[in-house]
Ligand code: PLP
């Protein structure tokens, strides 16, 4: 009997024993193409020799040194490399162990910034509905998925939620894309005014919404307008690139596509590429300086901040991404990826939308394509797709639609950047067979 506390108490999971390029192999020798990189983590696949050897070298040299006493070469070099490639005036990197910690740190940093500059009443966070920013209590409060939050309420952070930028579901038929983007961005201004501008500390959003909506980029111009609104009212912009960052959407930082720079940027997942658990929060100079010149101490911290082995792994990952121009390669191959998806699924009457950027794509399933009506949630379509794809040897990342019926079940694809065209085509075949099986089941 297993003593591991699993995610689902009644699941009967195979044991993964080996990684082989873009494949995972279980104890029975069955191979699974990692079509979602777990959850947009494994951007380099599972057998990158450079990262493996960087980890070994670092363990041999120095496994751990507490950041209360020391800094370390890999953490310093990784911070330099990230900042050299980061947008705007992001200037300092705070290393943590994952995405939720990065988001949690960002919320606390924003809060402390306003304390340091003498505006402690600014403690309200605005985020978006149908969003996920992590599972610790602060990050959970930021997220806009009610079903994740309800049993833990009341949550610890003052948060309100505005609409996401979700063109497929929410743009009106007579509305231009530009007008739609402006309308949903302006909800931020209305919410700031409703709350009182001097009470709002920050707005948080994902440049490309990952798990909750299924790879939904904002329409052109949305984030520029968001940035303008934040600047107008002194509200910090926190971008959560935990899922969509680190080359996944064809830029090292996803916000480059929107030509905006945040005040705080969160990354994780692809930063360690699954070789080590690591996340980071990048802070603008103005925020860092306010803390340095104020109390001189960010009131936050974890034992494993800037862990040398995790930092060495991430340093090798980022070098691998940059030396091989992988974000640009992902951008170049994005159209082919989309083409494969449209060829396989575009004509399916239950596929409402195919959207994404780079190697980050979502397929949204609907009961009725014309009215965009989702399937009845009780059918559990997403769960069935996950199971059927897994049986076909494909790991993909399905999510149920929202309970309010505003978005349908979807499948997220986020394969390793090193996947070959043949491997991608094989994954599409597996997914197509899984989709056919499941749709036949739910229609019968
Ligand atoms: N933010 C986003 C956008 C995510 O997708 C996730 C995880 O899926 C997180 C934060 C939390 O990251 P972690 O699971 O590493 O704590």
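General remarks:
- Across 346, 279, 29, mean-square fluctuation computed from a Gaussian network of the chain (C-alpha pairs under 10 Å connected) peaks at 29.
- Taking 37 °C and 0.692 mPa s as conditions, the range 1-114 diffuses translationally at an estimated 182 µm²/s according to Stokes-Einstein applied to its Kirkwood radius (Cα pairs).
- Sorting 232, 171 from the fewest to the most surrounding beta carbons within 10 angstrom yields 232, 171.
- Evaluated at q = 0.10, 0.12, 0.14, 0.15 Å⁻¹: base-10 log I(q)/I(0), Debye formula over Cα of the range 51-323: -0.49, -0.71, -0.96, -1.09
- Pairwise Cα inverse-distance average, inverted: Kirkwood Rh of the range 306-444 (Å): 16.3
- Here, the range 221-334 has an Rg and a Dmax of 15.8, 48 Å when only alpha carbons are counted.
- The Rg/Rh ratio of the range 112-153, with both radii computed over alpha carbons and Rh defined as the Kirkwood radius, is 1.09.
- Take every DSSP beta bridge whose two residues both sit in the chain; close to 65 percent of them are antiparallel.
- Per-residue Cβ neighbour rank within 10 angstrom, fewest leading, 438, 93, 25: 25, 93, 438
- Under conditions of 10 °C and 1.306 mPa s, the range 367-429 yields 122 µm² s⁻¹ as its translational diffusion coefficient, taking Rh as the Kirkwood radius over Cα pairs in the Stokes-Einstein equation.
- Temperature 4 °C, viscosity 1.567 mPa s: under these conditions the Stokes-Einstein estimate for the range 97-231, based on its Kirkwood radius over C-alpha pairs, is 84 µm² per second.
- Among 128, 111, 18, residue whose mean-square fluctuation peaks in a GNM of the chain (springs only between Cα atoms under 10 Å): 18
- Restricting the calculation to Cα atoms, the range 297-388 yields a radius of gyration followed by a Dmax of 20.2, 57 Å.
- Structural descriptor for the chain: relative contact order 22 percent, calculated from alpha carbon pairs under 8 angstrom and at least 6 residues apart.
- Helical content of the chain, expressed as a calculated mean residue ellipticity at 222 nm, amounts to -12000 deg cm²/dmol (DSSP H runs of 4 or more residues, -39,500 (n - 2.57) each, divided by residue number, nearest 500).
- Of all the options 424, 90, 315, the one that moves most in a Gaussian network model of the chain with Cα springs shorter than 10 angstrom is 424.
- Normalised by 2.2 N^0.38 Å, where N is the number of residues, the alpha-carbon radius of gyration of the range 29-68 equals 1.64.
- The packing ranking of peptides 325-334, 258-267, highest mean first, is 258-267, 325-334, where packing means the average number of other beta carbon atoms within 10 angstrom of each residue.
Since every read-out is calculated from the coordinates, none of them should be taken as a lab result. None of these values were measured; they are calculated from a predicted model. Methodologically, a virtual Cβ is constructed for each residue, glycine included, from the backbone with ideal geometry; neighbour enumeration extends over all protein chains shown.
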